[in-house]
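The values are calculated or read from the model by the stated rules, or taken from the named source; none is laboratory data. The structure presented is a predicted model; accordingly, all values stated were derived computationally and were not measured. No Cβ is skipped: glycine too gets one built from the backbone with ideal geometry, and neighbour counts run over all protein chains shown. Keep in mind that these areas ignore ligands, DNA and RNA; they rest on the heavy atoms of the full protein, side chains included. Shrake-Rupley method; radii C 1.70, N 1.55, O 1.52, S 1.80 Å.
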Amino acid sequence: MRLYNKLKKYSEKNILAMHMPGHKRKQILKNNLPYKIDITEIDGFDNLYHPTGILKECQEKLSKVYNSYKSYYLVNGGTSGILVSIRSLCDIGDKIIIAKNCHKAVFNSIELLNLKHEYIKTSFDENGICLDIKSDDLKKCLESNKDAKCVLITSPTYEGVISDIHSLASICHEYNIPLIVDEAHGAHLFLENKSSLQKGADIVLNSLHKTLPSLTQTAVIHISSKAINRELLDKKMQRNISIFCSSSPSYILMASIDECVEFIKKSGNRYYKRLKENLEVFKNKCKHLEHIKVINFNYVGKYFDFDNTKIVIILKNANITGHQLMQRLKRQNIQCEMAYLNYVICMTTICDSKKDILRLANVLCNIDKGLKFSNKKLEFEDVNQINTSTIYEAVNGKQTLINIDKSINFVSAEFVYAYPPGIPILIPGQVITSDIINHIKELIKVGLNLNSSSGEISKGLLYVLDNIQN
Ligand SMILES: Cc1ncc(COP(=O)(O)O)c(C=O)c1O
């Protein structure tokens with residue numbers, strides 16, 4: 001039985017609720033929120049962390065659809081999946097290998113477990129978009145860090161860049177080190193046989209809510225059938241999920257996952273085919289734009305692979321910044337996913353109609369006509385990051401708040417990141433260089449939403465370690 005149907009049936013019975021939640025399934029607040037089906041683990045509704053009934057069936061269905069060894073529901077987003085996967089493979093003080101463009105949750109996990117981290121070399125293109133992770137770079141990193149407990153990379157990235165997971169997983173396995181893929185943006189990729197799970201990663205997490213029809217905060221995590229030590233991993237993951245997700249998992253969120261899985265099982269291929277056809281129409285409309293360039297059909301061959309559902313609009317040759325384009329689109333009632341210095345990301349999913357995608361194409365065509373040529377020279381290099389301590393040690397060291405202009409050569413005690421995408425620009429323990437300060441100032445200048453752990457960065461202030469000055 002579908003979880004939603006079971007909840008609905010239950011809500012129609014005249015049962016006196018002498019249990020949580022406090023709203024007692026009544027619409028006392030006179031709104032349309034779904035109180036009627038919002039329950040906790042009452043009789044017959046199973047327990048997410050020790051599933052034996054309907055939630056076990058739901059997760060088995062998920063596992064079948066994604067073709068995994070084991071799959072689990074997450075009600076605290078892909079964020080919890082990252083915490084779960086890292087803690088399932090690393091103990092306090094261990095070493096982890098990561099790509100530089102990892103989500104902040106990866107760095108938070110590193111802080112929580114006082115891990116040492118090593119970066120795989122990461123390259124950027126002229127627009128500041130992180131390229132795919134190269135097998136040789138991973139091999140080099142593994143060769144000098146054979147004691148690492150796992151490797152974690154993001155694929156697809158926020159911008160849609162897909163790495164060669166098949167090769168990367170094979171290399172990791174040569175060293176008997178498991179590969180975690182943060183595939184938060186790729187829950188739909190199995191519909192075109194491009195999921196990291198199919199390519200051999202050991203653990204893969206997907207934020208369902210990002211690219212499939214599921215409620216915000218819903219995510220899933222899978223163990224591959226070929227994962228190293230998969231039985232032990234299963235036990236550890238189950239326990240860590242119960243640590244990092246709420247002890248009162250929302251049945252509305254879980255029903256949303258079940259509905260989404262059921263839908264993609266039955267109709268996913270058909271809807272995905274329709275989306276791809278509509279994206280072809282978009283491509284035909286936009287491929288001859290003069291100033292605006294869209295990644296999927298202008299930069300073929302630059303990345304190992306690309307998720308074409310992401311419409312990444314490059315403005316390198318246009319006299320407008322990402323932020324300005326986002327504002328113009330907003331004035332036409334189009335809200336983008338995010339804007340960076342030189343590009344804007346629009347996300348499409350199986351829920352977009354041909355009309356929606358054509359509307360975006362038409363607005364872009366009109367905007368393009370009013371733009372002028374510009375050759376913005378931006379340089380993005382793989383800055384050599386010097387870390388003087390673990391993140392944990394820096395966060396817990398003695399600190400002073402100073403102006404960022406005076407922070408060069410100090411050691412940061414904070415994370416700094418633009419949100420979205422939530423990828424750190426500066427991490428605790430890292431030596432602050434003039435390049436980093438210039439980059440931060442540039443981001444502030446173009447109007448990006450910059451955050452830091454303390455929140456003081458918006459005033460140009462940053463916590464640094466007291467005593468250490470390189
Ligand atoms: C690459 C990546 N990983 C993980 C996450 C966290 O996922 P969630 O928002 O589902 O917690 C995000 C969120 O933006 C992300 O971009």
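Below is a table of values for the structure above.
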read-out: The range 329-404, accessible area per residue, ligands and nucleic acids excluded (1.4 Å, Å²); value: 58
read-out: The range 395-408 - phi-based ³J(HN,Hα) in whole Hz, Karplus 6.51/-1.76/1.60, Gly and Pro as x; value: 4, 9, x, 6, 10, 10, 8, 10, 6, 4, 5, 9, 9, 4
read-out: Sulfur and carbon atoms: percent of accessible area, the chain [1.4 Å]; value: 49
read-out: Value of relative contact order over the chain, rounded to a whole percent, pairs C-alpha under 8 Å and six or more apart; value: 15
read-out: Within-10-Å neighbourhood charge of ILE54 [Cβ basis; K, R +1; D, E -1]; value: 0
read-out: Estimated vicinal HN-Hα couplings, Hz - the range 20-36 in sequence order (Karplus 6.51, -1.76, 1.60; Gly, Pro = x); value: 5, x, x, 6, 6, 6, 9, 8, 4, 7, 6, 9, 9, 5, x, 4, 4
read-out: Accessible area in square angstrom per residue, the range 95-223, 1.4 angstrom probe; value: 29
read-out: Shape of the range 385-470, Cα gyration tensor, a/c cut at 1.5; value: prolate
read-out: As computed over the chain, the Cα convex hull volume per residue (Å³); value: 161
read-out: Cα gyration tensor of the range 42-261 - equivalent ellipsoid semi-axes, whole Å, descending; value: 28, 19, 16
read-out: For the chain, the longest site-free run once trypsin sites (Lys or Arg not before Pro) in DSSP loop states with at most 11 other Cβ atoms within 10 Å are removed; value: 147-371
read-out: Helical segments meeting 15 Å axial Cα length and Kyte-Doolittle 0.5 threshold in the chain (DSSP H); value: 77-89
read-out: Within the range 341-470: Cβ-based charge dipole about Cα centre, in debye rounded to nearest 20 (Lys, Arg +1; Asp, Glu -1); value: 660
